[in-house]
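Data block below; observations after.
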Amino acid sequence: MKKVRFMAAAAAALMAMTFAGCGGASQQTAPEDTAAPAEGAEVSESAASGADESLQKILANGKLILGLDATFEPMGYTNESDEIVGFDIDVAEEVCARMGVELVKQPIDWDTKEQDLAVGRIDCIWNGMSINPSRAEQMNLSDPYMKNAMVFVVPASSEVTSMGDLTGKNIAVQNGSSAQEILEASELCTSDTPISVTAMATNVEALQQLELGLVDAVFLDSVVANYQITSAGKDYKVLPDGLEEEEYAIGFRKEDQALRDEVQRILCEMKADGKLGEISTKWFGSDITTVEAAQ
């Protein structure tokens with residue numbers, strides 16, 4: 001079976017959406033099949049007119065609720081002091097400071113993140129979330145802010161030296177992640193000696209399985225893998241060949257265009273004044289963000 005190319009599919013899905021860059025707001029048409037209110041139900045003037053009050057609501061409430069799985073080091077995770085920290089958290093804190101609101105960090109189950117967003121438990125998903133067609137369809141995504149590659153990690157002592165050596169092996173992956181989708185659609189799962197895929201709740205648990213010798217490799221984000229090796233001192237090695245390259249974005253509800261555009265505007269402002277690069281250098285040693293600076 002021919003391997004499904006993730007980036008091609010993502011590009012096709014994203015053509016249906018026009019995102020706002022740093023020069024202006026996006027033009028996204030509201031769905032035409034919006035259900036009519038029940039007979040006798042009261043409808044606010046803003047709802048009746050289709051007005052987008054997402055930004056005003058955040059400003060009025062004085063807080064932005066950010067959803068994350070709190071295990072995705074270094075993007076957003078719980079440290080030894082039981083504090084939620086990370087690159088995405090630092091950036092979100094600065095965005096909220098410029099908006100004049102409090103950042104509320106809400107741990108969620110990554111496998112049900114879309115539902116948490118849809119029902120209003122959180123205001124956005126901001127946790128190294130990769131862009132894929134499904135997410136582009138279900139959410140209103142920001143412009144990409146960082147590139148990422150999906151890679152295989154094995155113990156440094158492993159005899160596995162390339163992706164070709166993984167046939168027939170047991171590979172762990174985070175459940176509900178884009179890594180799982182990519183891996184299960186790859187030729188590794190459809191070859192004559194297919195791999196076994198072990199889905200774990202988090203990347204942390206997947207890497208624990210690797211350290212215990214219960215799996216042969218872990219398939220995950222290069223940002224996470226490299227951070228674990230260089231900063232956490234883990235005795236892993238990253239295979240030279242992976243499957244796909246991706247980009248990270250922030251997810252908002254489809255109808256929350258005003259909120260999405262304000263966060264995007266501030267990110268572009270932070271890129272221009274150097275604050276975004278400062279935060280990136282703190283976590284990665286250099287500015288690896290891809291946000292366009294405000295003009």
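Each value in this text was obtained by applying a stated rule to the coordinates, not by laboratory testing. Since the structure is predicted, the reported quantities are computational estimates derived from the model, not experimental observations. Glycine gets a Cβ as well: all are built from the backbone with ideal geometry, and neighbour counts include every protein chain shown.
Some observations on this one:
- Alpha carbon centroid spacing (whole Å) that separates region 130-206 from region 228-288: 19
- Under 28 Å from the Cα of LYS234 - lysines, other chains or at least 8 residues apart: LYS105, LYS147, LYS169, LYS282
- In a fully extended conformation the segment linking VAL104 and VAL119 would gain 3.7 nm over its present Cα-Cα distance, using 0.36 nm per residue.
- Region 149-245 - Rg and Dmax from Cα coordinates, angstrom: 11.9, 38
- Full-extension gain in nm, LYS282 to GLU184, via 0.36 nm per residue minus C-alpha separation: 31.8 nm
- Dipole magnitude of region 149-245 about its Cα centre (Cβ charges: Lys, Arg +1; Asp, Glu -1), debye to nearest 20: 280
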